[in-house]
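Enquirer: Handing you this structure, nothing more for now.
The values are calculated or read from the model by the stated rules, or taken from the named source; none is laboratory data. Note that this is a predicted model, so its numbers are computed, not measured. Because the Cβ atoms are built from the backbone with ideal geometry, glycine has one as well, and the counts that use them run over all protein chains shown.
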Amino acid sequence: MIYYIIFLLIYLYSQKLKEELNNFNFKMMSIDNAKYNYYQGYHDIGLFFLILYFNTPNMGINTFQRVSEFYIKDYLHKTIKDTNTISGTNTSSSMNTEPSTNPTTNNNSFDFEATLNLLMKVIKEINPDVSDSLEEICESPYFALPWIITWFTHNIDSISLQYRIFDYLICSHPIAVFVLSATVIIINSSLCRLS
């Protein structure tokens, strides 16, 4: 009998969490519709803040809004083309963190190729051997795109590890997610015989 009660409580809690997440995402998208457009995985970041601030959802919404504005804004555009900016940086030169001045930049779209190119530049900066080996295997590390646009929430089940990752990323420059992704690839390169 106790198992049924526990199961029922878990089920009710998960339904409440789903309802709160839907409300949470709706509020985020309606704050400024010109700025925010849903992408697959955006809800994973929202869920993290909902869990973190479950007792104070407005604090979660405010935090999620700030993260959206300052860290993941480039992924919230309507289309996936015609931009050269990643978190306000120009990706045309190696490790340049100056704001883009390219007149052809369209701030209403997201270029995932530029994101992956920036990741490759970071890998090359840290470990050129791994970068060269990775380029031989694949043109772009598409496998790492979910890491970047969801801050690893889509791939990591451990909430305590997610807390540490979010602490690091929120306290860092927006490029930190690229450094973290590059580090994961480089550390695991020996498993794939990339170095």
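Enquirer: Residues to consider are F54, F49, F26; find the one that is assigned to a loop (DSSP other than H, G, I, E, B) and either at pLDDT 85 or above or surrounded by fewer than 16 Cβ atoms within 10 Å (Cβ to Cβ) (or both).
Expert: F54
Enquirer: So, in region 179-194, of the ones that are surrounded by 14 or more Cβ atoms within 10 Å (Cβ to Cβ) and of a type outside the set (A, V, I, L, M, F, W, C), which residue ends up farthest from D44 (Cα to Cα)?
Expert: S189
Enquirer: Collect the residues in region 145-194 that are polar (S, T, N, Q) and without any contact (Cβ under 8 Å) to a residue 24 or more places away in the chain, keeping them in residue-number order.
Expert: Selection gives N155, S158, S160, S172, N188, S190.
Enquirer: Among the residues of region 120-178, how many are farther than 18 Å from Y42 by Cβ and not basic (K, R)?
Expert: 36
Enquirer: Would you please name the residue that is modelled with the lowest pLDDT, looking only at residues in region 64-83 that are surrounded by fewer than 17 Cβ atoms within 10 Å (Cβ to Cβ) and outside any strand (DSSP E or B)?
Expert: Out of the qualifying residues, it is D82.
Enquirer: A further question follows. Considering only region 131-175, state which residues are loosely packed, with under 11 Cβ neighbours inside 10 Å, part of a helix (DSSP H, G or I) and among the small types (G, A, S).
Expert: Within region 131-175, just S160 meets the criteria.
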